[in-house]
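Visitor: Supplied in structure tokens, the structure appears directly below.
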Amino acid sequence: MRITVTSKENLAKVLEENGYASELRCGGQGTCGRCAVQLLSGVWQVEDRVVQAPVRALSCRSSLLSDSGEVEFEPAPRAGNIVMDWNLMPLPVRPETVIGVDIGTTTVAAVKISRGQVVSRASCFNAQNRYGDNVVTRISQSAANLSGLQAAVHESVRNVLDELELEHTARIAIAGNTVMTCLFHGIDPSSIGVMPFAPPRRLFPVSAWKGIPLLTMPCIAGYVGGDLTAGLSAVSLRTGEMLVDIGTNCEIIFNTDQGMFCTAAAAGPAFEGAGLHFGCRAVTGAIDHYSGSSDYSVIGGGKVLGFCGSGYIDFLAVERRRGHLNEFGRYEPPAEQMPVADGVFVHEYDIEQLLKAKAAVWAGIKTLEDHCAQQAHTIYLAGGFTQHLNIENAVAIGMLPERNYKTVGNASLYGAASLAAAPETLPELERLIDLPREIPLNVLPEFEDNFIDGLLLP
């Protein structure tokens, strides 16, 4: 894509105003490199330098100095392979048409429900991605730009609701992690970013969207949100069962002999490709499953652009089994990178970031089990990432312990749809959020040991 620019404003902002939002995973700090463009003509201010095109630069760190300039770039994809399915009990059967919305850190998904059946679906990326790709960055941005963050998530929700069409809709319900829920309602989530990570609110009043009643899934804790409330209500954990939702945060609820406990571990955005040489979300062109050199599947077929999270998990497991990776994630024989497809490779730096992400998941599960002196016999995996995950490979690389697993899909979206269909369940959901006792991992000495163990490939 090529456009001519005349505005002297920040180039990332100019592109966004022209309908081409840059991928600002670092919140425009110039650290992730995902917004790189080719400046074809003109004079530009790039960081603290004045440069004459042609030159490659980051749009978030560039602004035009001359009267005009031409820019070439790849538009960020609007939506990827977003999971909107679940393997759970049937939805309540009611005569009204309702809509459930899952507001994720990365994506927004919605379903229209009539008489207990999904009649249409819609999804898009969360427009807050231009402020950063994780909740910690969004929290830091909210202090100075709460209205901008709220407007961005409203933009995404509006996109999916307009696609589904609101005519004859009786109710809407939303579910999301605590930060996303607060930002949707215009509530500053800053308190979640500092000890003791307390949410400003866990309950949210019934509001309205274009005159339609809008209900909100209540949240459990600062880093265990309404998405887990939805999952907990859908799964009905028995003693010895655990619910794990893996995203940029790994949120966990464990029902034990001593009661119910919850925690969260920061897996980070590596499973969504952030900060990796050829990392990408689950979009067309991403390798989603890998079985060896030249043996992989690509979303949408065609040219390979990179790896999404499930493909990276397969890569680690397969190349470890083949003897090409040692226990520290280093190539054998020594090399900086391994080619996979035309121009696409996996660098040792990428592996290092992936090991940190999988170690956080491992340590979160193991530390909660250690604290409760009890091992889960069944683990329910929720979230879009887990729907595509090869569990055998996730166990092989030491990301998940050997347990009995059940994949439930997008439990957050299911919970939102269920609440929209049966609003009388809201008081029970509000009671449910008081059942889990929060265990902050940073106060447990076992977490550091488990995280270090998780950095190795078995």
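Visitor: Could you give me the residue pairs with C-beta distances under 7 Å whose first residue belongs to the stretch 379-398 and is free of Cβ contacts under 8 Å to residues at least 24 places away in the same chain, whose second residue is assigned to a loop (DSSP other than H, G, I, E, B) and of a type in the set (A, V, I, L, M) wherever it lies, and which are 6+ apart or on separate chains?
Guide: Within 7 Å, the pairs are Ile391/Leu400.
Visitor: Moving on to the next point. Go through the stretch 302-317 residue by residue and tally those that are more than 15 Å from Phe345 (Cβ to Cβ), touching a strand residue (DSSP E or B) at 6+ places or on another chain (Cβ under 8 Å), assigned to a helix (DSSP H, G or I) and of a type outside the set (Gly, Ala, Ser).
Guide: Counting residues in the stretch 302-317 that are more than 15 Å from Phe345 (Cβ to Cβ), touching a strand residue (DSSP E or B) at 6+ places or on another chain (Cβ under 8 Å), assigned to a helix (DSSP H, G or I) and of a type outside the set (Gly, Ala, Ser) gives 1.
Visitor: In addition: Run down Ala230, Ala208, Ala286, Ala265 and say which single residue is small (Gly, Ala, Ser), touching a strand residue (DSSP E or B) at 6+ places or on another chain (Cβ under 8 Å) and open to solvent by 10 Å² or more (accessible area, probe 1.4 Å).
Guide: Ala208 is the lone residue from the list that is small (Gly, Ala, Ser), touching a strand residue (DSSP E or B) at 6+ places or on another chain (Cβ under 8 Å) and open to solvent by 10 Å² or more (accessible area, probe 1.4 Å).
Visitor: Same structure again: Scan the stretch 289-299 for residues that are open to solvent by less than 30 Å² (accessible area, probe 1.4 Å) and not in a strand (DSSP E or B) and report the count.
Guide: 1
Visitor: Can I ask one more? Restricting attention to the stretch 333-374, which residues are over 21 Å from Gly309 (Cβ atoms) and without any contact (Cβ under 8 Å) to a residue 60 or more places away in the chain?
Guide: Within the stretch 333-374, Pro333, Pro334, Ala335, Glu336, Asp342, Ala373 meet the criteria.
Visitor: If you don't mind, another one. When the residues of the stretch 155-165 are narrowed to those that are aliphatic (A, V, I, L, M) and within 15 Å of Val118 (Cα to Cα), which ends up surrounded by the most Cβ atoms within 10 Å (Cβ to Cβ)?
Guide: That would be Val160.
Visitor: Mind counting the residues in the stretch 182-205 that are in contact (Cβ under 8 Å) with a residue 60 or more places away in the chain and β-branched (Val, Ile, Thr)?
Guide: Qualifying residue count, the stretch 182-205: 0.
Visitor: Within the bounds of the stretch 234-255, is there any residue that is among the aliphatic types (A, V, I, L, M) and part of a loop (DSSP other than H, G, I, E, B)?
Guide: Looking for residues that are among the aliphatic types (A, V, I, L, M) and part of a loop (DSSP other than H, G, I, E, B), one finds at least one in the stretch 234-255, hence yes.
Visitor: A follow-up question, please. Across the stretch 268-283, what is the total count of residues that are assigned to a loop (DSSP other than H, G, I, E, B) and either open to solvent by 30 Å² or more (accessible area, probe 1.4 Å) or touching a Phe, Trp or Tyr at 6+ places or on another chain (Cβ under 9 Å) (or both)?
Guide: 8
Visitor: While we're on this one: Kindly indicate whether Gly302 is over 26 Å from the mean Cα position of the chain (by Cα), at pLDDT below 95 and surrounded by fewer than 13 Cβ atoms within 10 Å (Cβ to Cβ).
Guide: It is false that Gly302 is over 26 Å from the mean Cα position of the chain (by Cα), at pLDDT below 95 and surrounded by fewer than 13 Cβ atoms within 10 Å (Cβ to Cβ).
Visitor: Still on this model: For residues in the stretch 383-408 being at pLDDT 95 or above and aliphatic (A, V, I, L, M), which is surrounded by the most Cβ atoms within 10 Å (Cβ to Cβ)?
Guide: Here the residue is Met399.
Visitor: Is it the case that some residue within the stretch 335-357 is in contact with a Pro (Cβ under 6 Å, 6 or more places away or on another chain) and open to solvent by 30 Å² or more (accessible area, probe 1.4 Å)?
Guide: Within the stretch 335-357 (the criterion being in contact with a Pro (Cβ under 6 Å, 6 or more places away or on another chain) and open to solvent by 30 Å² or more (accessible area, probe 1.4 Å)), the answer is yes, since at least one residue qualifies.
Visitor: To continue, here is another question. Determine whether the stretch 112-125 contains at least one residue that is open to solvent by 30 Å² or more (accessible area, probe 1.4 Å) and of a type in the set (Val, Ile, Thr).
Guide: Yes, the conditions are met somewhere in the stretch 112-125.
Visitor: Sticking with this structure for a sec: Do we find that Pro218 is of a type outside the set (Gly, Ala, Ser), farther than 17 Å from Leu149 by Cβ and in contact with an Asp or Glu (Cβ under 7 Å, 6 or more places away or on another chain) in this structure?
Guide: Considered against the rule, which asks whether it is of a type outside the set (Gly, Ala, Ser), farther than 17 Å from Leu149 by Cβ and in contact with an Asp or Glu (Cβ under 7 Å, 6 or more places away or on another chain), Pro218 comes out as yes.
Visitor: Got at least one residue in the stretch 409-432 being open to solvent by 20 Å² or more (accessible area, probe 1.4 Å), outside any helix (DSSP H, G or I) and either within 30 Å of Ile174 (Cα to Cα) or at pLDDT below 95 (or both)?
Guide: No: zero hits.
Visitor: Conditions first: (1) within 31 Å of the chain's Cα centre (by Cα); (2) exposed (fewer than 14 other Cβ atoms within 10 Å of the Cβ); (3) at pLDDT 90 or above; (4) not acidic (Asp, Glu). Met89 passes all but one, so which condition is the exception?
Guide: (3)
Visitor: Same structure again: Those residues that are under 27 Å from Ala175 (Cα atoms) and either basic (Lys, Arg) or assigned to a helix (DSSP H, G or I) (or both), I need them from the stretch 370-393; list them, please.
Guide: Once the filter is applied, which keeps residues that are under 27 Å from Ala175 (Cα atoms) and either basic (Lys, Arg) or assigned to a helix (DSSP H, G or I) (or both), the stretch 370-393 yields Gly384, Phe385, Thr386, Gln387, Ile391.
Visitor: Can Gln150 be described as at pLDDT 95 or above, surrounded by fewer than 21 Cβ atoms within 10 Å (Cβ to Cβ) and within 20 Å of the chain's Cα centre (by Cα)?
Guide: Yes.
Visitor: On to the next question. Can you find, within the stretch 415-458, the residue that is nearest to Lys112 (Cα to Cα) among those that are out of contact with any Phe, Trp or Tyr (no Cβ under 9 Å at 6 or more places or on another chain) and of a type in the set (D, E, K, R)?
Guide: Glu424
Visitor: Hey, Arg238 hits all of (1) within 30 Å of Gly323 (Cβ to Cβ); (2) open to solvent by 30 Å² or more (accessible area, probe 1.4 Å) but one; which does it fall short on?
Guide: Going through the list (1) within 30 Å of Gly323 (Cβ to Cβ); (2) open to solvent by 30 Å² or more (accessible area, probe 1.4 Å), Arg238 breaks only (1).
Visitor: Out of all the residues in the stretch 4-39, which are modelled with pLDDT under 75, open to solvent by less than 50 Å² (accessible area, probe 1.4 Å) and not aliphatic (A, V, I, L, M)?
Guide: Ser22, Glu23, Arg25, Cys26, Gly27, Gly28, Gly30, Cys32, Gly33 - these are the residues of the stretch 4-39 that are modelled with pLDDT under 75, open to solvent by less than 50 Å² (accessible area, probe 1.4 Å) and not aliphatic (A, V, I, L, M).
The values are calculated or read from the model by the stated rules, or taken from the named source; none is laboratory data. Everything numeric in this text was worked out from a predicted model, so none of it was measured. Virtual Cβ from ideal backbone geometry, glycine too; neighbours counted across all protein chains shown. Side chains included, ligands, DNA and RNA excluded: accessible areas come from the protein's heavy atoms. Shrake-Rupley method; radii C 1.70, N 1.55, O 1.52, S 1.80 Å.
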